[in-house]
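Only one structure is covered here, and it is reproduced in the block below.
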Amino acid sequence: MSKNAYQEMDSYRLAQYVVQAPCYVCGGGNVFDAELCRHCSAPMALSHQANTQKVRPQMVAAIGPSGAGKTVYLGMLSDLLSRQNDRMQILARGAFSISLQQATLAALGRCRFPEKTPNEPDRWNWLHCQVKMAKRRRPVELIMPDLAGESLMQELDRPNTYPLINHFLNRCSSVMLMVDAADLEAGDESHDYFAMKIVSYLCELDSRPRQGWPNRPVSVIFTKADECSPSIFHKPDEFARRHAPGLFRTCRERLHKHGFFATGVVGCCAYRNTIAGKLQVPLRIEPRGIVEPFEWIVKQM
Amino acid sequence: MTTIASTLVQRVRPCFLPLAVAAVGGVGFLVSWAAGSWLLAALTIASLGVAGGVCWFLRRRRVRPRSESSAGEPAVKEEVRSRARRAENAADESEDLIEEMLRQGRYALLLRPQIVGNLNEPQVRNALEDLEAAMALTPEGTVLLRTWRATAEHDGDPSDDHVMRVEAFYLDRYPVTNREYLRFVEAGGYEQMSLWDPDIWSGILDFVDRSGAPGPGEWENGRYAPGRDDHPVVGVSWYEAAAYARWVGKRLPTDAEWVKAASWPVGNGGGRPMQRKYPWGDAMDHTFANLWATQIGDTLPVSKLEEGVSVGGVYQLIGNVWEWTHSNFGAWDEAAKRLEIQGAMKSIRGGAFDTYFDSQATCQFQSGDSSIARKHNIGFRCCLGLCDLAPNFAEDWSAPGAAQSEGVENETGALEAAV
């Protein structure tokens, strides 16, 4: 004698694995429950958010050599704008978007700089946010990763070492290029060359006159300006002309939309000798000129 | 020819009378000799001798100044009168100088023991009134100072804390304003080398404003921006602050003095004194201090934010601008745990309008900057030890000598380490 038994057929769920979920950054296909893109290591959460919220976020890159201050800048910017509500406001999309802000501010609050961003793309922090401006009716959706400076430099020297960087910069609407002003003023020309390399790389990446990098907004941000002469905050263009002549001329020649800005987060620094070497210690936190370059970028987009 | 003749006349004129007498005498002698009268001849020779003596006397007088030779007794009176006039003028000048110094806010100089004796009663009263209005007294006592590691990195050991004894002192109620600093600039403060530390003599020429005129870095054409008279002066280095303090007869407060005035310690039976985290209490209130969270984004006039006043009546110790102190940065940390700094770094306290974290704007938090840094958010206020005032005033207000407790460091002794 046989007895009817009902067994749920879950096999149809396997169909989801057949349909490829495209990565938002590189467009490569991934299984639907992948955390990171198997092609470029970008978080798949960006893709899911874009699909569920029916928005197409724009991408902005904060790039510069290692130690230029990208992590501190992005962390500080997101914290400033998530507290401030008069000119501009940032609303984080997803819990992962707050990690960068949290880590940076926790370190600065104890007079320390945040840990160096690791070279592995799967360990980078991503910031997906909605930007509201007082004079703009519709908010802007933005994605900003905290790229590692060393990876970027490797990608510049050997293209396609980091596919994520290549794909991301190709799709970016605009770039915030960070340059260490304190080293520049001290006569370290290597930062001028790094910055020139980046601008040249961008222009080679997409050289179309209208949609390409020559016509996309680039804000050149002189970081650590609080360690330089105070005039840098009043006349960043003049500072660029004097201390980064190569970058100044390259921007003039190759970028139609560019602006020079000066920012500082710590008032003054000291050093601590550790086993790993000299460690920079911020003596106080007083952000200056953080919002202006970002505001300029968003207005240009 | 004319010159020779006039010289001759000048030389001859003083002797004209005696010569005439001698000539008359000579003629008389010859007449009496001819007449045979020996007595008359002797008289004539005597008269010639007198005439010669008179001539010699007149020649001697000719060397002296004309006024004296011509005035005699009235000249002495004139001299007495001119001396009296000079003394009167000097008294007027000294009175004017005292008035000028009071107008410039340099009352502290006038109350110094060496100077106060030259003042009359109303002047002393005025100077004292100015002192009371502009400065607040902090009584002597102990104060707890924590290390930088403990306050900034939250990583300190309570055994590293210092309990210091501080003598009574006056602290400016308000930070030094643009208006006050302008008086110093206009009085030629940047040219008076005696006011400046010899270390910086070669660097004073670099202390210029945006237009290249001597003055704070945030000024232009030797003036501050309109409407900022009562805002704290910023863009001044530690050396400029110290020079201004010297000019007004004061000095910069030490770390211990600053913390004592702000946290107002209360003795704890010889143990660690109990202190406030902020001048108004232990909880932050953003309406009491101008910090980043207040969202003003600029300095405020020094008399604003009355709610944030300290127990002693000192305004804006927290927020608005960082304040230079006399001490070195990190002086309270153990030598092995001290941070490495480039050049001389001085201690600043209190936080500024752009200080982001509340934890970095407490009475205990110390930051530092290069002594030649001229930042947009660093100002200063001055201090005056009670012992620097004339004894008559100091005695009235000093507390009876407190016995030194065990484990309490004397600030004057520790000052050498800190400064």
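The values are calculated or read from the model by the stated rules, or taken from the named source; none is laboratory data. Just so it is clear, the structure is predicted and the values come from calculations on it, not from any experiment. Here Cβ is always computed from backbone atoms with ideal geometry, including for glycine, and neighbour counts include all displayed protein chains. These area figures cover heavy atoms from the full protein model, side chains too; ligands, DNA and RNA do not enter into them. Shrake-Rupley method; radii C 1.70, N 1.55, O 1.52, S 1.80 Å.
The set of residues in segment A:227-237 that are open to solvent by 50 Å² or more (accessible area, probe 1.4 Å) and either closer than 23 Å to A:LYS299 by Cβ or out of contact with any helix residue (DSSP H, G or I) (no Cβ under 9 Å at 6 or more places or on another chain) (or both) comprises A:PRO230, A:HIS234, A:LYS235, A:ASP237.
Of the residues making up segment B:368-387, just one is among the polar types (S, T, N, Q) and in contact with a Gly (Cβ under 7 Å, 6 or more places away or on another chain), namely B:SER370. Any residue that is modelled with pLDDT of 90 or more, part of a helix (DSSP H, G or I) and closer than 30 Å to B:THR355 by Cβ - is there at least one of those in segment A:61-71? Among the residues of segment A:61-71, at least one is modelled with pLDDT of 90 or more, part of a helix (DSSP H, G or I) and closer than 30 Å to B:THR355 by Cβ, which makes the answer yes.
Out of B:ALA335, B:ALA331, one residue alone is in contact with a helix residue (DSSP H, G or I) (Cβ under 6 Å, 6 or more places away or on another chain), more than 23 Å from B:ALA108 (Cβ to Cβ) and more than 12 Å from chain A (Cβ to nearest Cβ). It is B:ALA331.
Determine if segment B:302-319 includes at least one residue that is among the polar types (S, T, N, Q), within 32 Å of the chain's Cα centre (by Cα) and within 14 Å of chain A (Cβ to nearest Cβ). If you could, list the steps in order and put the result at the bottom.
Taking segment B:302-319 as the starting set, the residues that turn out to be among the polar types (S, T, N, Q) are B:303, B:310, B:316.
Then drop every residue that is not within 32 Å of the chain's Cα centre (by Cα), which leaves B:303, B:310, B:316.
Filter once more, so that each one left must be within 14 Å of chain A (Cβ to nearest Cβ): none.
No, the conditions are met nowhere in segment B:302-319.
Restricting B:ALA127, B:ALA133 to residues that are assigned to a helix (DSSP H, G or I) and crowded, with 19+ Cβ neighbours inside 10 Å narrows the list to B:ALA127.
Apart from one condition, B:ASP206 fits all of (1) open to solvent by 60 Å² or more (accessible area, probe 1.4 Å); (2) away from chain A (no Cβ under 14 Å); the exception is (2). Pairs meeting the criteria (first residue in segment A:229-246 and of a type in the set (Asp, Glu), second residue buried (at least 23 other Cβ atoms within 10 Å of the Cβ) and part of a helix (DSSP H, G or I), beta carbons under 9 Å, at least 6 apart or on different chains) are A:GLU238/A:ILE232.
In segment B:366-380, of all residues being at the interface with chain A (Cβ under 8 Å from one of its Cβ atoms) and open to solvent by less than 10 Å² (accessible area, probe 1.4 Å), the one that is nearest to A:LEU108 (Cα to Cα) corresponds to B:SER367. Listed by first and then second residue, the pairs with beta-carbon distance under 7 Å, at least 6 apart or on different chains, first residue in segment A:35-51 and within 15 Å of A:ALA95 (Cβ to Cβ), second surrounded by 21 or more Cβ atoms within 10 Å (Cβ to Cβ) and among the hydroxyl-bearing types (Ser, Thr, Tyr), are A:LEU46/A:TYR24. Considering only segment B:262-273, I want to know if a residue exists there that is among the β-branched types (Val, Ile, Thr), open to solvent by 20 Å² or more (accessible area, probe 1.4 Å), outside any loop (DSSP other than H, G, I, E, B) and within 18 Å of B:VAL185 (Cα to Cα). There is no residue in segment B:262-273 that is among the β-branched types (Val, Ile, Thr), open to solvent by 20 Å² or more (accessible area, probe 1.4 Å), outside any loop (DSSP other than H, G, I, E, B) and within 18 Å of B:VAL185 (Cα to Cα). Here B:GLU323 fulfils each of the conditions (1) crowded, with 23+ Cβ neighbours inside 10 Å; (2) of a type in the set (Asp, Glu); (3) within 11 Å of chain A (Cβ to nearest Cβ) apart from (3).
Restricting attention to segment A:127-163, the residues that are outside any loop (DSSP other than H, G, I, E, B), over 21 Å from A:ARG93 (Cα atoms) and either of a type outside the set (Asp, Glu) or open to solvent by less than 10 Å² (accessible area, probe 1.4 Å) (or both) total 8. Every listed requirement among (1) at pLDDT 55 or above; (2) on the phi > 0 side of the Ramachandran plot is met by B:GLY407 save one, (1). For segment A:86-111, enumerate the residues that are open to solvent by 10 Å² or more (accessible area, probe 1.4 Å), in a helix (DSSP H, G or I), over 24 Å from A:VAL140 (Cβ atoms) and within 14 Å of chain B (Cβ to nearest Cβ). If the condition is that a residue be open to solvent by 10 Å² or more (accessible area, probe 1.4 Å), in a helix (DSSP H, G or I), over 24 Å from A:VAL140 (Cβ atoms) and within 14 Å of chain B (Cβ to nearest Cβ), then A:ALA106, A:ALA107, A:GLY109 are the ones that fit. When segment A:167-203 is limited to residues that are in contact (Cβ under 8 Å) with a residue 60 or more places away in the chain and closer than 24 Å to A:GLY28 by Cβ, the one that is surrounded by the fewest Cβ atoms within 10 Å (Cβ to Cβ) turns out to be A:ARG171.
Do you know which residues across segment B:229-256 are in a helix (DSSP H, G or I) and open to solvent by less than 10 Å² (accessible area, probe 1.4 Å)? If the condition is that a residue be in a helix (DSSP H, G or I) and open to solvent by less than 10 Å² (accessible area, probe 1.4 Å), then B:GLU240, B:ALA241, B:ALA243, B:ALA245, B:TRP247, B:ASP255, B:ALA256 are the ones that fit. Within segment B:331-345, the set of residues being assigned to a loop (DSSP other than H, G, I, E, B) and among the aliphatic types (A, V, I, L, M) comprises B:ALA331, B:LEU339, B:ILE341, B:ALA344.
A:PRO209 - would you say it is within 24 Å of A:GLY187 (Cβ to Cβ), modelled with pLDDT under 95 and open to solvent by 60 Å² or more (accessible area, probe 1.4 Å)? No.
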